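Written out below as structure tokens is the structure these notes cover.
The values are calculated or read from the model by the stated rules, or taken from the named source; none is laboratory data. On a predicted model such as this, the values are computed, not experimentally measured, just so you know. Note that we place each Cβ from the backbone using ideal geometry, even for glycine, and neighbour counts take in every protein chain shown. These area figures cover heavy atoms from the full protein model, side chains too; ligands, DNA and RNA do not enter into them. Shrake-Rupley method; radii C 1.70, N 1.55, O 1.52, S 1.80 Å.
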Amino acid sequence: MTAMPTTATGHPDREVPAATRPARRLTADARRRQLFDVALSLFAEHGYSATTMDDIAEAAGVTKPLVYQHFESKRALYLELLDVFSHSMIDRIVQATAAAEGPRQQVELGFAGYFELMVDNEHAFRLLYGRDAPDDVELGAALRRVEETIAQAIDPLIDAGLDPEHRLLLAHAVVGMAEGASRHWLDAHRAHRTSEEGATPEDEVDRAAEASRMAAQLADFAWAGLRQVHRI
């Protein structure tokens, strides 16, 4: 599986046409990762509909046929991005909660893993929770499957003697809380976020602290409700 990208690369030099720039000699895997990264950045910034395979090729400094050697269509590329993103998120949450010493800490560590992933992979979260979601039945269904997959990963963590349907409902509610907080954070940071090249160590510390603070705040809220849950 392709590893989820953490930064945007391959930004085009606007003063030199892409067609006149020699493509860097990369291995097939490295080239695919580069195209994956560039596409993520463009989809996150401009939305699915406004981004073309020509845009991706230009930003990567390659020809469009080369892009098609790695991805059969823009749709296939977008769907793969969603798949990689959802698996990365689940892996992060599962790894984070595995270290918990009790249910209250499990809630906070789960949120911490989620928000740490968000501040480290802002473009990936904009792909999922941005305001430019594709107006497409199939792609919309794929976005919902990501949320369903995350809820199913959280479901087993809600250990309160509930029936499966009740537990899954609460898992979706927890996902909804995290999604709402994510949208708020993404909107608040769109205007003044720092590029990877311009980021300072202080910026990285601030973002890590922000993720930890959000996790603690939502964990307090979620735990206050979950600790009162009982079979109905």
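Conditions tested, residue by residue: (1) touching a strand residue (DSSP E or B) at 6+ places or on another chain (Cβ under 6 Å); (2) in a loop (DSSP other than H, G, I, E, B); (3) polar (S, T, N, Q); (4) over 19 Å from residue 125 (Cα atoms).
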{"residue": "40", "(1), (2), (3), (4)": "no, no, no, no"}
{"residue": "43", "(1), (2), (3), (4)": "no, no, no, no"}
{"residue": "48", "(1), (2), (3), (4)": "no, yes, no, no"}
{"residue": "59", "(1), (2), (3), (4)": "no, no, no, yes"}
{"residue": "62", "(1), (2), (3), (4)": "no, yes, no, yes"}
{"residue": "66", "(1), (2), (3), (4)": "no, no, no, yes"}
{"residue": "85", "(1), (2), (3), (4)": "no, no, no, no"}
{"residue": "90", "(1), (2), (3), (4)": "no, no, no, no"}
{"residue": "112", "(1), (2), (3), (4)": "no, no, no, no"}
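Can you pull out every residue in region 46-75 that is over 17 Å from residue 28 (Cβ atoms), without any contact (Cβ under 8 Å) to a residue 24 or more places away in the chain and loosely packed, with under 14 Cβ neighbours inside 10 Å?
52, 54, 73
Each row is one residue, and each column tells you yes or no for (1) modelled with pLDDT of 80 or more; (2) open to solvent by less than 70 Å² (accessible area, probe 1.4 Å); (3) on the phi > 0 side of the Ramachandran plot.
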residue: 164; (1), (2), (3): yes, no, no
residue: 169; (1), (2), (3): yes, no, no
residue: 177; (1), (2), (3): yes, yes, no
residue: 185; (1), (2), (3): yes, yes, no
residue: 188; (1), (2), (3): yes, yes, no
residue: 195; (1), (2), (3): no, yes, no
residue: 198; (1), (2), (3): no, yes, no
residue: 202; (1), (2), (3): no, no, no
residue: 205; (1), (2), (3): no, no, no
